[in-house]
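A.B. asks: Before I ask anything, here is the structure I am working with.
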2 protein chains.
Amino acid sequence: MIENAFYTPEVQGAYQLHSLGGFDLEEGGRIPDLRLAYATYGELNAAKDNAILVPTWFSGTHATWEQVYIGPGRALDPTRWFIVVVNQIGNGLSTSPHNTDGGIAMSRFPQVRIGDDVRAQQQLAAELFGIERWALVVGGSMGAQQTYEWAVRFPEQVLRAAPIAGTAQNTPHDFLFTRTLMDAITSDPGWNGGEYRSHTEVADGLRRHADIWAVLGLSTEFWRTGFWRGVELPDVTWSTFEEFQERFVQATFLAMDPNALLTMGWKWQRGDVTRHTDGDLAAALGRITARTFVMPIDEDMFFPPRDCAVEQALIKDSELRVLPSIAGHFGLFGFEPAYLAEVDRNLGELLDTEV
Amino acid sequence: MIENAFYTPEVQGAYQLHSLGGFDLEEGGRIPDLRLAYATYGELNAAKDNAILVPTWFSGTHATWEQVYIGPGRALDPTRWFIVVVNQIGNGLSTSPHNTDGGIAMSRFPQVRIGDDVRAQQQLAAELFGIERWALVVGGSMGAQQTYEWAVRFPEQVLRAAPIAGTAQNTPHDFLFTRTLMDAITSDPGWNGGEYRSHTEVADGLRRHADIWAVLGLSTEFWRTGFWRGVELPDVTWSTFEEFQERFVQATFLAMDPNALLTMGWKWQRGDVTRHTDGDLAAALGRITARTFVMPIDEDMFFPPRDCAVEQALIKDSELRVLPSIAGHFGLFGFEPAYLAEVDRNLGELLDTEV
């Protein structure tokens, strides 16, 4: 167990832990006691037909969803819906390399797949709430991977799906991109094969990791227009793009656990719904019965709308709804009112659709 | 002096060396004996009005221009034009950290700017050929930076200009991108502060450097469509995208000198014609009198057409001519006949324009 203040309620806000007991993983490993960190908003109705599931993205937690996407008057309105945000396995809050003891700590943490998350979320929902069907599954980036996995693996349990800024089958480009992110960390001698004593010993690697994010996570237009001048954070300011990069992007990743990022990176690289259909993408996406809005972000540098459109065309009851954000993939953080309004408009319309 | 087979005539084809003697650099350093490696194609006419200058791009040499862009029947036709391709300072053929002795070898190599290259090229052209005016200056990427620098610094000496896939003022995005490339090298312990004994000691860093190039130098569409299946190289094959990445992109950069890449990277980061006009981009580009075709590549991930269009709009006698290449920035290597045809069509039209 390694102390890391980032993964505490003081930083992340309130959340619960639910133990699933021993959990066998698709790659053959086993987590002796898998604990999922989750947060709920609103109340489950008697018919249990108002439940929405939100899986989290790479490096993310439930906190961003709580702060940016959920609230009264929003599409994800807790006065109407029961919203369950589940932190993905290995994200630093759910069972992860740095917060577990013994046989699977740190470098011994097993490989986890998107399918493991989806099965674990299903178990959690059944055990805690008796939920057998989601009114909506919605997630961004790796959350979109999990959303697709849900809709393909358990089609009858997903009435509506909204994968935002992500794909059902990871692309070669994204595989290579993720490799650069992971190599930035593992090339730091301080990483020490995964056996560092504090994430601060891997600061150089985390910094390089953050610098690669700056180039692909944000967009050329974000940097060209100096959009960062309008980005605000408590107690921090910047007057140059170098300062923004250091005080916002680097600072964000420097707080995180390197092995958590690597666990998620490995998982991201291998997100692929065609594992259910012997590599046949059309067959896999053809299994989806959910009403689906595929929602890429227009300026996304590594989940470009056309990559998402190819998949959307293979989903029966689907539409492509491109979201506007000059921040590119990091538009997910909700810098822009126009982006959030468009998310809400689309999710609202999707939720109002009878299925 | 370090041996590196990549920087020999056996690999690069024939070239000449011209010594400029002692050369003072804009950053304050000095190269005691600056040798520029250059190659010429065709013959200078008596009026000396058929000369074309081609400066080279990051990691590139004259060889690519010879093999891909120059030839009878092409726009750069050596039966009509006298074409001078000059390898940029620090590219491994011209004076560079690994091929010089004494006070400026390796980690002691001074910082070089785009303006140094342009002044050195001017001196070479005057001393060797008595050329006082170019019918055309054309270059890709960092070659475009040098093209812009020429047209702004010496407007009366450049009749036509064709910056391909590059900018006059480097963008914040490209500054950060270049930093990731450089950090991939300098984070390798084998780099040893620039004092390695062989470039092979920096293989890990060069490999990571190549992996970042794969993500931004090529395009999402290149990877999505599997365009690499049609790329051919002598004596090498690949059947997966990982193999292509290893045997083509990694192999390309693994042959190069790390300090050469760092010298060019530092220079690229600071390419900026507004050094002549106190930071005023409109004033700098307003100095250009050359007939100018600004030629970005449509799928370029880090010199996107709109970044180039902003600059083109500030150049009096200019047009935006977007080139098609699914390979993105690496479209410069000329994988596609359609790209090469469009380059030739534009350069041919530009060269036929009376100025």
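The values are calculated or read from the model by the stated rules, or taken from the named source; none is laboratory data. Please read all numbers here as calculations on a predicted model, not as lab measurements. Counting neighbours? That spans all protein chains shown, and the Cβs are built from the backbone with ideal geometry, glycine included. These accessible areas exclude ligands, DNA and RNA; they are computed on the full protein's heavy atoms, side chains included. Shrake-Rupley method; radii C 1.70, N 1.55, O 1.52, S 1.80 Å.
A.B. asks: Yes or no: the range A:310-330 includes at least one residue that is open to solvent by 10 Å² or more (accessible area, probe 1.4 Å), among the small types (Gly, Ala, Ser) and either within 14 Å of another protein chain (Cβ to nearest Cβ) or closer than 30 Å to A:Arg197 by Cβ (or both).
C.D. replies: Yes, the range A:310-330 has at least one match.
A.B. asks: Take the range A:142-177 and flag every residue that is part of a strand (DSSP E or B) and open to solvent by 10 Å² or more (accessible area, probe 1.4 Å).
C.D. replies: Correct list: A:Arg160, A:Gln169.
A.B. asks: Right, something else. Is it true that some residue in the range A:322-329 is polar (S, T, N, Q) and over 12 Å from A:Ala165 (Cα atoms)?
C.D. replies: No: zero hits.
A.B. asks: For the range A:226-246, give me each residue that is assigned to a helix (DSSP H, G or I), at pLDDT 95 or above and either touching a helix residue (DSSP H, G or I) at 6+ places or on another chain (Cβ under 8 Å) or surrounded by fewer than 16 Cβ atoms within 10 Å (Cβ to Cβ) (or both).
C.D. replies: A:Phe227, A:Trp228, A:Arg229, A:Phe241, A:Glu242, A:Glu243, A:Phe244, A:Gln245
A.B. asks: What tally of residues in the range A:335-344 results from selecting those that are open to solvent by 10 Å² or more (accessible area, probe 1.4 Å) and either touching a residue at least 24 places away in the same chain (Cβ under 8 Å) or at positive phi (or both)?
C.D. replies: Of the residues in that region, 3 qualify.
A.B. asks: Another question, then. Which condition does B:Trp191 not pass, out of (1) within 21 Å of B:Leu93 (Cα to Cα); (2) out of contact with any Phe, Trp or Tyr (no Cβ under 8 Å at 6 or more places or on another chain); (3) open to solvent by less than 30 Å² (accessible area, probe 1.4 Å), if it passes all the others?
C.D. replies: (3)
So that you can scan it fast, the table gives a plain yes or no per residue for (1) outside the structural domain of B:Asp307 (by TED's automatic domain parsing); (2) touching a strand residue (DSSP E or B) at 6+ places or on another chain (Cβ under 8 Å); (3) under 14 Å from B:His62 (Cα atoms); (4) hydrophobic (A, V, I, L, M, F, W, C):
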| residue | (1), (2), (3), (4) |
| --- | --- |
| B:Leu93 | no, yes, yes, yes |
| B:Ser107 | no, no, no, no |
| B:Val158 | no, yes, no, yes |
| B:Ala161 | no, yes, no, yes |
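A.B. asks: When you scan the range A:171-207, how many residues do you find that are among the basic types (Lys, Arg) and within 12 Å of chain B (Cβ to nearest Cβ)?
C.D. replies: Total satisfying the criteria: 2.
A.B. asks: Name the residue, out of A:Thr180, A:Thr200, A:Thr220, that is open to solvent by 40 Å² or more (accessible area, probe 1.4 Å), outside the structural domain of A:Gly328 (by TED's automatic domain parsing) and not small (Gly, Ala, Ser).
C.D. replies: Just a single option satisfies the conditions, and that option is A:Thr200.
A.B. asks: Here's another thing I want to ask about it. Just for the range B:208-221: of the residues that are more than 8 Å from every other protein chain (Cβ to nearest Cβ) and assigned to a helix (DSSP H, G or I), which one is farthest from A:Val310 (Cα to Cα)?
C.D. replies: Of everything passing the filter in the range B:208-221, B:His209 is farthest from A:Val310 (Cα to Cα).
A.B. asks: Does B:Tyr38 satisfy the criteria of being under 18 Å from B:Leu76 (Cβ atoms) and open to solvent by 30 Å² or more (accessible area, probe 1.4 Å)?
C.D. replies: Here the answer is no, as B:Tyr38 does not meet what is asked.
A.B. asks: Based on what the data block shows, is A:Arg197 among the basic types (Lys, Arg), under 30 Å from A:Asp298 (Cβ atoms) and touching a residue at least 60 places away in the same chain (Cβ under 8 Å)?
C.D. replies: For A:Arg197, the condition - among the basic types (Lys, Arg), under 30 Å from A:Asp298 (Cβ atoms) and touching a residue at least 60 places away in the same chain (Cβ under 8 Å) - is not met.
Here is a yes/no grid of residues against (1) under 23 Å from A:Trp223 (Cα atoms); (2) of a type outside the set (Phe, Trp, Tyr); (3) within 14 Å of another protein chain (Cβ to nearest Cβ); (4) open to solvent by 40 Å² or more (accessible area, probe 1.4 Å):
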| position | (1), (2), (3), (4) |
| --- | --- |
| A:Gly279 | no, yes, yes, yes |
| A:Ala282 | no, yes, no, yes |
| A:Phe293 | no, no, no, no |
| A:Pro296 | yes, yes, yes, no |
| A:Phe333 | yes, no, no, yes |
| A:Glu349 | no, yes, no, yes |
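A.B. asks: Give B:Val54, B:Val68 a once-over and let me know the one that is surrounded by 24 or more Cβ atoms within 10 Å (Cβ to Cβ) and not charged (D, E, K, R).
C.D. replies: Criteria check complete, one pass: B:Val54.
A.B. asks: Just to be sure, is B:Gly139 small (Gly, Ala, Ser), open to solvent by less than 30 Å² (accessible area, probe 1.4 Å), over 17 Å from B:Leu350 (Cβ atoms) and more than 14 Å from chain A (Cβ to nearest Cβ)?
C.D. replies: No; evaluated as a whole, the condition is false for this residue.
A.B. asks: Among the residues of the range A:80-115 satisfying the criterion of being within 14 Å of the chain's Cα centre (by Cα) and of a type in the set (S, T, N, Q), which is surrounded by the fewest Cβ atoms within 10 Å (Cβ to Cβ)?
C.D. replies: A:Asn87
A.B. asks: List the helices (runs of 4 or more DSSP H) that sit entirely inside the range B:253-355 and contain at least 1 residues that are of a type outside the set (Asp, Glu) and within 28 Å of B:Glu66 (Cβ to Cβ).
C.D. replies: Of the helices (runs of 4 or more DSSP H) lying wholly inside the range B:253-355, those with at least 1 residues that are of a type outside the set (Asp, Glu) and within 28 Å of B:Glu66 (Cβ to Cβ) span B:258-269, B:305-312, B:337-352.
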